[in-house]
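The values are calculated or read from the model by the stated rules, or taken from the named source; none is laboratory data. Keep in mind that what you see is a predicted model, and the values were worked out from it rather than measured. Cβ: placed from backbone, ideal geometry, glycine included. Neighbour counts: every protein chain shown.
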Protein chains: 6
Amino acid sequence: MYLADETWPDLGAYFEEESLAIVPLGSTEQHGPHLPEGTDHLIAEALAREVAERTGYLCTPTINVGVSPHHRQFHGTMWVDPSVFRDYVESFSRNLTYHGIDRIVYVNAHGGNVQHLQEVGRRLHETETAFAVEWMWDESIPDLVDDLFAQNGPHGGPKETAMIMHIAEELVHADRLEDARDGGVPSVDEAGTMKFGARTFYDAADNTDNGVLGDQTDATPEKGEELFEAASEQLVKLCEWIDDQPFDDLMPEPHVRDR
Amino acid sequence: MYLADETWPDLGAYFEEESLAIVPLGSTEQHGPHLPEGTDHLIAEALAREVAERTGYLCTPTINVGVSPHHRQFHGTMWVDPSVFRDYVESFSRNLTYHGIDRIVYVNAHGGNVQHLQEVGRRLHETETAFAVEWMWDESIPDLVDDLFAQNGPHGGPKETAMIMHIAEELVHADRLEDARDGGVPSVDEAGTMKFGARTFYDAADNTDNGVLGDQTDATPEKGEELFEAASEQLVKLCEWIDDQPFDDLMPEPHVRDR
Amino acid sequence: MYLADETWPDLGAYFEEESLAIVPLGSTEQHGPHLPEGTDHLIAEALAREVAERTGYLCTPTINVGVSPHHRQFHGTMWVDPSVFRDYVESFSRNLTYHGIDRIVYVNAHGGNVQHLQEVGRRLHETETAFAVEWMWDESIPDLVDDLFAQNGPHGGPKETAMIMHIAEELVHADRLEDARDGGVPSVDEAGTMKFGARTFYDAADNTDNGVLGDQTDATPEKGEELFEAASEQLVKLCEWIDDQPFDDLMPEPHVRDR
Amino acid sequence: MYLADETWPDLGAYFEEESLAIVPLGSTEQHGPHLPEGTDHLIAEALAREVAERTGYLCTPTINVGVSPHHRQFHGTMWVDPSVFRDYVESFSRNLTYHGIDRIVYVNAHGGNVQHLQEVGRRLHETETAFAVEWMWDESIPDLVDDLFAQNGPHGGPKETAMIMHIAEELVHADRLEDARDGGVPSVDEAGTMKFGARTFYDAADNTDNGVLGDQTDATPEKGEELFEAASEQLVKLCEWIDDQPFDDLMPEPHVRDR
Amino acid sequence: MYLADETWPDLGAYFEEESLAIVPLGSTEQHGPHLPEGTDHLIAEALAREVAERTGYLCTPTINVGVSPHHRQFHGTMWVDPSVFRDYVESFSRNLTYHGIDRIVYVNAHGGNVQHLQEVGRRLHETETAFAVEWMWDESIPDLVDDLFAQNGPHGGPKETAMIMHIAEELVHADRLEDARDGGVPSVDEAGTMKFGARTFYDAADNTDNGVLGDQTDATPEKGEELFEAASEQLVKLCEWIDDQPFDDLMPEPHVRDR
Amino acid sequence: MYLADETWPDLGAYFEEESLAIVPLGSTEQHGPHLPEGTDHLIAEALAREVAERTGYLCTPTINVGVSPHHRQFHGTMWVDPSVFRDYVESFSRNLTYHGIDRIVYVNAHGGNVQHLQEVGRRLHETETAFAVEWMWDESIPDLVDDLFAQNGPHGGPKETAMIMHIAEELVHADRLEDARDGGVPSVDEAGTMKFGARTFYDAADNTDNGVLGDQTDATPEKGEELFEAASEQLVKLCEWIDDQPFDDLMPEPHVRDR
């Protein structure tokens, strides 16, 4: 069920039965010479909408702009400052609870959002407002990602390329895949981003000239479909697991003195 | 040109020539028993994308959740607190200027956003960061709106109904138009919201049982098309006018002592 | 009853009987070559004190500095940033409730404060702290204003000039009224401040060389008295209406699911 | 020169010659059974206006509500939270510098404002925005205060009573002076507010049943006049001293490495 | 009992019996040519740990960096902005109450922290979260300080020198005491920091070339021991007094209308 | 060189030659039944002080309280809210640059601080204020940690136990190691904290009854010494590498349009 397409009386029926919401969040940021800047929000939205359709859970509209200052050197990257992003997500999440929502799955497709969504989830958890968890699609299927690609990226690499080939093939510049690979770096390790245990870079532009990592020529629409299907399954299971838990079990443990 | 569909090298060409961005903003909130909750962001997005296509100006992704606490009593309304909304819009607007954008048109379709977008515009103006203006589609064509409808609403009334009939007819519950009219109030005046010069209500639910005003049965897709076309023309002219101004003319006047 | 003139034991008697406070707010900003910068706070204070005397309701001291950045190019204009103003008003309003106040009338005489006072009123309403409404004197008597003046201004125009002639005639430079008229603009429409539906100016200095609009020579002390009397009557009625409502009726409607 | 009474062209002449502003700040809070709640802002305003008249320096309107939570248990006390007060004062002070003001004297008559005004002054100093100092009238004439009264209070005691007798005698309940004295405490020392070096109270109500300290029967209008005259002289000298300093001398010293 | 040295099960026993915590706070800032920059936090920590040992009360780790911008011109001074300091102290103090702490003694050795700790204490008091008081060692023994030293400083003077001689003699540059005295100023009075009742300086560097006041040659380890012993006794008594009070007695008085 | 032990003239010599500061940060939080709550700050401080001594770089005092709400169910855990922590670290870091510091190494021993220190580092980087990096001791020597322990924890496990055995053996309850192991969980994997790709827990108490993970009986002082030595070497190298870089190389890359 997609919230934005429904009327308020029809949504009333959902809230009588269910208290879970799926919220897609991505970014609008450079993804190399071959992928559209909407890559992350397109993936998040496609997965969230698919799973909402399969399960009947409520999916909200997508948050299209996230925490991407580390891609700002490349034309067109949009971003908000981290504290602003956290407050925006916290605000609409808290307000969703006014209607009876008490568990939220943030369907995320941008690494730069992860810690901020977790911080918001913690705030909602500590105040016993709602149980909200961050879910990043590729972290739900790490083995499959490793199986499919020798050099998976991450940013703008073959796994994201394959996903967009599956979701919106017309937006992939197939003729630039080799350039993407040759103008970027093969992997995070080779980018030399760690020194003596410290992460000593702050921006993608510190590591890669065209903004991407991995071997993009390894992507196909078929692999994209396989990833999409596998991730969707994981997300379905996550939603069902959360829905199944008694609310109290999702809330904080008491202080040890009260056990 | 739609930012989210483009790659960063292709966007680079735009920024070399132009410095204007069109940003659609709406809300996700109840629009009565007959219209989808996405009404406002659907309208804003449709107009912004249309005008971007006609003119070649850059359109960003849509901000789907705005300032709608006054509709919260109706299922599904999403909102962020005003200060959070302002900070979110200010943050991505400021960051757009990093790429060379120095004028922004906020294409807005939600009355509750107006003052907040103007406040953000003022911040950007006072700090000489960019010239950003709020544009609300129906305020650009007041005479046409008055001509077409006897009771135009505003919220969830015939003008919005006609627009969605034109943009996404499948989302309109045509069989509920009479109910919408009969269960709401004819006009703001009849809602009795002013007392001795003061606006004494805070929520839509104070005035209307089903959340809407006006005579929805007066809406047709043809009227919607006429509104859409007329508003688009105004927006085209606004963008061109802003683009034509020297940047200094858009920035604050000096103190009178310096004139 | 004027709070600042009373002792705490004497105020205790008021709080036992009543729970309404009248708070005058204005600005200190340029009002052309002929009017004092205190114009707005002088008007707000005069009306609030008058109505408090007539009705017995409690009037607090005046907030003299408001949201006036749009007049900053003219010498002497004082202002605070909008978020600071909102927080200041919210803070003392919340604190008034500690004594039992649960309804507040913001007697306002500055257009730039309107939206901010309404935003504060909304915060107090949503949190069910108090019912606070913004009241702008000239919006309570629009017909009379239109009747009295061909070109009423608004800013620094004949309606404000007449009011100050009535309240503090010694502060009006009667010998500059023609200059005021000739050096300003006749009306908002002629100032050309709207383009294709968007408000494209941010400062008074964008529109008018001397900071004012309207025909100041149309003002007389008699008209001022008439305005003052009529607005006072409206304010008396508003206070009495609010005082008459049961508190629950002033608080937010429940969610539709709870009706 | 009183800013609120002047027009902008007339103020322009001041700003051409001078860059100092006098800002009166007080509180609206209980002052016992005999004094009006406006006591502090009445005193601040009277001194600031007097000195502005004598010297020709610019006096702004008064900030009537300050930091008085410690008097909240007594009817009618108004207050804003400390951080809100600081931000309000900082905001209008910074904005005054837009007109050329670069030195400000906060004429203060409320002990609870002192540290906050000094904190704001420090912010303006550190950022080299302006030189702003807090001045508290009774701290400028400690010997005279001690000479005139055996038990001077401080809060609501004879020195404040005498001042209001001089400034606005009609607001003093002369028939309650003995009650004021007998229902309060003679001095801070006897209030027992310190324990082993720590200040262990937070509210006036912890120490005194009627909100005041000292022997109010010791106050006369003549003593009030003497205090007023002496404090005014100090304030005149302070303004002149500040006006005489080169701006650089008022700004922060360089780092020792740059000396 | 020192919190950082204990395990959580062992701390559980404390929280069953007691609800008081001692928190040492100082600064890291210049203390002249002869004393280490850690002077203030060393003193606070030594006193807090000593008293915790004598009484069995819980002592937390030390907050080493406080509000010291007024010493920034001298190499190495560390500081945080006042609002940041307040929020940091408030946050951990509130969080301590989660374990059952409801009274806190801030053992302070830096004048610049005083008002900020009192402001935090007020916040905790007003919200009835905890009773927290600021305690400054030298203000608990003013007579002894006056007896021991002709010119006691305050900053970097003989009383602090004597304390560090007692606590960590190896950190005192005994060979620089005369230089310290001769390069500084004898006393606050002689620094000329007050003008007509206003404090007209903001930084230590405005008054003293080497950052210190007083006659450092007057310090001895024996005097340091005497100071340390006397202050410790005061602190013991303060902790015991606070521990003895019923919690309700430490909380705010009710409004006078509820008495 | 330890900042808190030095006088300002002696620190001046350092700032003439060097611009790097080492800042130890930890937490004060439960570390099981066998380790002191100060474990993390003890480790951070020991490493930072050791490396400062070896290299001559400047080490500041330790920040003892960090972001530990996830351990709050266990007695004595102290913490500040994440935004407060970030602001505190940012504030003193920015202020250090006043003295000439332009590169900072945050020596961290608490996982919960990592993302927040990186966020602060990013703020300083984006504003070109300083180059600050977060360094976590055990992430600099992952292979050694894996070699030494079968089940390394992480929280309160053998690697931290061994480190404290080396640094402050008297604080380890050696007789509780078996209990620690048996009452906790062997590893993060066995704690079952991930569900379908999402981290579904927020607190340590969700996973472990006594607050710790791993096999504590595997710890020895010798292993602790080996860890300490290896980590110190890494930190020395990191400091030297950062010191060797030209400042411009550490600052952000320009926008691609400016390359």
Item to complete: Starting from segment A:56-82, keep only residues that are of a type in the set (Gly, Ala, Ser), then list their pairs with residues that are part of a helix (DSSP H, G or I) whose Cβ atoms are within a distance under 7 Å, requiring at least 6 positions of separation or different chains.
Response: A:GLY66/A:PHE85; A:GLY66/A:GLY112; A:GLY66/A:ASN113; A:SER68/A:GLY112; A:GLY76/B:LEU3; A:GLY76/B:TRP8; A:GLY76/B:LEU11; A:GLY76/B:HIS99
Worksheet item: When both residues are 6+ apart or on different chains and their Cβ atoms are under 8 Å apart, which pairs have a first residue that lies in segment E:95-117 and is within 10 Å of chain D (Cβ to nearest Cβ), and a second that is of a type in the set (Lys, Arg) and surrounded by 21 or more Cβ atoms within 10 Å (Cβ to Cβ)?
Response: E:HIS116/E:ARG86
Discussion item. Return the residues of segment B:65-82 that are at the interface with another protein chain (Cβ under 7 Å from one of its Cβ atoms) and part of a helix (DSSP H, G or I); say none if nothing qualifies.
Written reply: B:PRO69, B:PRO82
Item to complete: Could you please find all residues in segment E:100-118 being more than 15 Å from the chain's Cα centre (by Cα) and part of a helix (DSSP H, G or I)?
Response: none
Worksheet item: A:PHE92 fails exactly one of the following numbered conditions: (1) away from chain F (no Cβ under 14 Å); (2) surrounded by fewer than 21 Cβ atoms within 10 Å (Cβ to Cβ). What is the number of that condition?
Response: (2)
Item to complete: Kindly list, by first and then second residue, each pair from a residue in segment B:173-196 that is modelled with pLDDT of 95 or more to a residue that is in a loop (DSSP other than H, G, I, E, B) and of a type in the set (D, E, K, R), limited to pairs with Cβ atoms under 6 Å and residues at least 6 apart or on different chains.
Response: B:ARG181/B:ASP215; B:GLY183/B:ASP209
Discussion item. Of the conditions (1) touching a strand residue (DSSP E or B) at 6+ places or on another chain (Cβ under 9 Å); (2) surrounded by 15 or more Cβ atoms within 10 Å (Cβ to Cβ); (3) outside any helix (DSSP H, G or I), F:GLU253 satisfies every one except a single condition; which number is it?
Written reply: (1)
Response to the item:
Only one of (1) surrounded by fewer than 19 Cβ atoms within 10 Å (Cβ to Cβ); (2) closer than 17 Å to D:ASP206 by Cβ; (3) away from chain C (no Cβ under 12 Å) does not apply to D:GLY183, and that is (3)
Response to the item:
Of (1) in a loop (DSSP other than H, G, I, E, B); (2) touching a Pro at 6+ places or on another chain (Cβ under 6 Å), C:GLU37 fails just (2)
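Of the residues that make up segment B:200-210, is at least one loosely packed, with under 15 Cβ neighbours inside 10 Å and either touching a Ser or Thr at 6+ places or on another chain (Cβ under 8 Å) or not aliphatic (A, V, I, L, M) (or both)?
yes
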Discussion item. Checking the structure you have, find out if any residue of segment E:73-80 is at pLDDT 95 or above and surrounded by fewer than 24 Cβ atoms within 10 Å (Cβ to Cβ).
Written reply: no
Worksheet item: For segment F:224-243, how many residues are at the interface with chain A (Cβ under 8 Å from one of its Cβ atoms) and without any contact (Cβ under 8 Å) to a residue 60 or more places away in the chain?
Response: 2
Discussion item. Going residue by residue through segment D:244-258, is there one that turns out to be under 21 Å from D:THR77 (Cα atoms), modelled with pLDDT of 95 or more and either in contact with a helix residue (DSSP H, G or I) (Cβ under 9 Å, 6 or more places away or on another chain) or more than 14 Å from chain E (Cβ to nearest Cβ) (or both)?
Written reply: no
Worksheet item: What about D:GLU126, is it surrounded by fewer than 22 Cβ atoms within 10 Å (Cβ to Cβ), within 11 Å of chain E (Cβ to nearest Cβ), farther than 19 Å from D:ILE22 by Cα and not hydroxyl-bearing (Ser, Thr, Tyr)?
Response: yes
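Here's the yes/no breakdown for (1) basic (Lys, Arg); (2) within 18 Å of the chain's Cα centre (by Cα); (3) surrounded by 24 or more Cβ atoms within 10 Å (Cβ to Cβ):
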| site | (1), (2), (3) |
| --- | --- |
| F:ASP10 | no, no, no |
| F:GLU17 | no, no, no |
| F:GLN30 | no, yes, yes |
| F:LEU35 | no, yes, yes |
| F:THR39 | no, yes, yes |
| F:ARG54 | yes, no, no |
| F:TYR98 | no, no, no |
Practice prompt. Quickly run through segment B:7-23 and pick out the residues that are among the aliphatic types (A, V, I, L, M) and either under 23 Å from B:VAL185 (Cα atoms) or within 12 Å of chain A (Cβ to nearest Cβ) (or both).
Written response: B:LEU11, B:ALA13, B:ALA21, B:VAL23
Discussion item. Condition first: crowded, with 20+ Cβ neighbours inside 10 Å, polar (S, T, N, Q) and farther than 19 Å from A:HIS71 by Cα. Can you find one or more residues in segment A:130-149 that meet it?
Written reply: yes
Worksheet item: Of these, A:GLU160, A:GLU170, A:GLU233, which one is part of a helix (DSSP H, G or I) and in contact with a helix residue (DSSP H, G or I) (Cβ under 8 Å, 6 or more places away or on another chain)?
Response: A:GLU160
Discussion item. Filter segment C:24-64 down to the residues that are within 13 Å of chain D (Cβ to nearest Cβ), β-branched (Val, Ile, Thr) and farther than 22 Å from C:LYS159 by Cβ and list them by number.
Written reply: C:THR60
Worksheet item: Do you know which residues across segment D:1-34 are in contact (Cβ under 8 Å) with a residue 60 or more places away in the chain and among the hydroxyl-bearing types (Ser, Thr, Tyr)?
Response: D:SER19, D:SER27
Worksheet entry | In segment A:132-157, the residues that are of a type in the set (Val, Ile, Thr) and not in a helix (DSSP H, G or I) | A:VAL133, A:ILE141
